[in-house]
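I have placed the structure first, in the form of structure tokens, so that the comments after it can refer back to it.
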Amino acid sequence: MADVLVIGAGPAGLAAARAARTQGALVTLLDAADDVGGQYWRHLPDNRSSERERVLHHGWAAFTELRRALDRDDHCRVLRSAQVWAIEETDAARRKEAPPAQQASEGELRRTTVHILVGPADGAARERLTLKPDAIVVATGAHDRTLPFPGWELPGVFTAGAAQALAKGERVAVGERVVVAGAGPFLLPVAASLVQTGSAVVGVYEASRSRTLASGWLPRPWLLARAGKKGVELAGYVVRQVRHRIPYRTGTAVVRAHGTDRVTAVTIASVDEQWRPVRGTERRVAADAVCVSHAFTPRLELALAAGCELDDAGFVAVDADQRTSVRDVYAAGEITGIGGVELALAEGTIAGHCAAGGSATDDVLRRPLRARSIYQEFAQRMHAAHSVRPGWTGWLTDDTVVCRCEEVNCGALRAAAAATESSSLRSLKLSTRAGLGICQGRICGRTVEKLLADAGPHGRLRDDARFDRRPIAFPLRLGELATDDQ
Ligand SMILES: Cc1cc2nc3c(=O)[nH]c(=O)nc-3n(C[C@H](O)[C@H](O)[C@H](O)COP(=O)(O)OP(=O)(O)OC[C@H]3O[C@@H](n4cnc5c(N)ncnc54)[C@H](O)[C@@H]3O)c2cc1C
């Protein structure tokens, strides 16, 4: 019986675990969070559970059924509060493109080592676990990306994902008068969650202009109609938006937050098609919280540590079986491209099935394969309509903080890049400390990369350094590192 490790128990990981079990594998499914569900089905802990979860989440019944089935399955071990802190690729010959003579033998395939800590993230006595599975499905998801603007370091400015996590996972409202801004359909569920926790949402401000939205979403509408589930979900949010009289403005961005010890207002401005602020359109809006999300950043550190190659868009490259460039390492969900829950479920099912010895040509995968193709097309539309345009750097000033952990501002980054005539990320990090703080560049990394690339002669980075290459994915204590393997 193959033994399959699934890292991440969001929609993609849950679907992968179930499919691998159906295919007869022994499965370990783990997640760093204290329960399974990922970002989409984030919910109150069991000891404070709520009847309202099914109102707050789409597909709640399907999720609880899936969770119950996996929890009761003797051949599926579900580890909660289990964080993978490192993956060691011990045999480069495992790459599937290597000639057979160089590929590892059956025994050697088991050498990819996964290091895990089990226990509450801030607990003192976490258990250390080391696994060497036959196959791995990496389903570590994404976190939301916020573009910096003057004042974004003030208390009261949240990533939209953090505000939603507080609303869904803790029922905490981030403010009384809240502005939601950024880009993408994700802004609508965030506004809905805020309203459900008692906040008044002053407005939802989408940076893409109506024409860009139309050219992304409207072509070949019959193809869009196939993604009917998404349409129903979206319609629900729009109804709520109208019922609560929340204005929705396109071609508009938050370009500054005001306040001394916390946010008291924001300046919004019209932006052009490239998201350059249009002078003279600024308007001040009073708010005690602002939730901003412009895109999603895949959580790539484990996939990169395992040796997986990325595609041109910076996501994990996979084939039809969801197999990565590394033998027996599969990937599914947001780390292979941002596409929403249905795509994550379809990809997870295919990855789990193939990781357990099946193939994408198997009859049993007909439905997930169709769903994958429908929702990949949906994802392309979303990308065309809402992806980050380069003109946003027009709202930065020299004193705009970019790296909040190390308090490095935009002027310092640009000056360091200009002084050294360098577009090397490594040297910029060392000379300014940007991205070397507690979040290790998770928040500012893409922005630092962009500013540096813009400063270079060819508009791109000179070295292959990236913020998500981290041999140790998460901080751990020296004592934990020194503990004997289990
Ligand atoms: C903050 C946020 C909020 C969102 N809210 C909505 C919404 O309201 N509506 C909507 O339609 N879509 C929403 N999305 C998008 C939606 O959540 C995704 O489409 C879907 O959840 C993707 O599923 P996934 O399994 O790929 O990733 P996720 O659901 O993100 O699951 C990944 C899991 O991997 C775990 N993980 C990561 N690294 C490790 C590690 N090293 N060790 C152990 N576990 C690890 C994480 O804890 C997480 O549970 C949201 C996305 C984000 C980032």
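The values are calculated or read from the model by the stated rules, or taken from the named source; none is laboratory data. Just so we're clear, the structure is a prediction, and the values are computed from it rather than from any experiment. Every residue, glycine among them, receives a Cβ derived from its backbone with ideal geometry; neighbour counts consider all protein chains shown. Accessible surface is based on the protein model in full, side chains and every heavy atom, while ligands, DNA and RNA are left aside. Shrake-Rupley method; radii C 1.70, N 1.55, O 1.52, S 1.80 Å.
I'd like the residue in the range 200-213 that is without any contact (Cβ under 8 Å) to a residue 60 or more places away in the chain and either more than 22 Å from the chain's Cα centre (by Cα) or not in a strand (DSSP E or B) (or both) and, out of all such residues, is surrounded by the most Cβ atoms within 10 Å (Cβ to Cβ). Among residues in the range 200-213 that are without any contact (Cβ under 8 Å) to a residue 60 or more places away in the chain and either more than 22 Å from the chain's Cα centre (by Cα) or not in a strand (DSSP E or B) (or both), the one surrounded by the most Cβ atoms within 10 Å (Cβ to Cβ) is VAL201. Which of the residues that make up the range 399-424 are open to solvent by 60 Å² or more (accessible area, probe 1.4 Å) and modelled with pLDDT of 95 or more? Listed by number, the list holds a single entry, ASP399. Taking residues in the range 260-275 that are over 10 Å from ASP288 (Cβ atoms) and open to solvent by 10 Å² or more (accessible area, probe 1.4 Å), and partners anywhere that are acidic (Asp, Glu) and in a loop (DSSP other than H, G, I, E, B), the pairs with Cβ atoms closer than 8 Å and at least 6 places apart or on different chains are THR267/GLU282. Scanning the range 16-28 turns up no residue that is modelled with pLDDT of 95 or more, under 17 Å from the mean Cα position of the chain (by Cα), assigned to a loop (DSSP other than H, G, I, E, B) and closer than 21 Å to THR349 by Cα.
Of all residues in the range 228-254, none satisfies the criterion of being among the basic types (Lys, Arg), assigned to a strand (DSSP E or B) and in contact (Cβ under 8 Å) with a residue 60 or more places away in the chain.
Tallying residues that are within 12 Å of the ligand (Cβ to nearest atom), part of a helix (DSSP H, G or I) and not aliphatic (A, V, I, L, M) within the range 142-199 yields 7.
Conditions (1) touching a helix residue (DSSP H, G or I) at 6+ places or on another chain (Cβ under 7 Å); (2) at pLDDT below 80; (3) open to solvent by less than 50 Å² (accessible area, probe 1.4 Å), marked per residue:
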| residue | (1), (2), (3) |
| --- | --- |
| PRO11 | yes, no, yes |
| PRO45 | no, yes, yes |
| SER81 | no, no, yes |
| PRO99 | no, yes, no |
| GLN103 | yes, yes, yes |
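Can you say whether ALA227 is open to solvent by 30 Å² or more (accessible area, probe 1.4 Å) and more than 25 Å from ALA163 (Cα to Cα), as far as the supplied structure shows? Answer is no for this residue.
With the structure loaded, tell me whether GLU334 is under 30 Å from THR250 (Cβ atoms), of a type in the set (D, E, K, R), touching a residue at least 24 places away in the same chain (Cβ under 8 Å) and open to solvent by less than 30 Å² (accessible area, probe 1.4 Å) or whether it fails that test. When the stated conditions are applied, GLU334 does not pass them.
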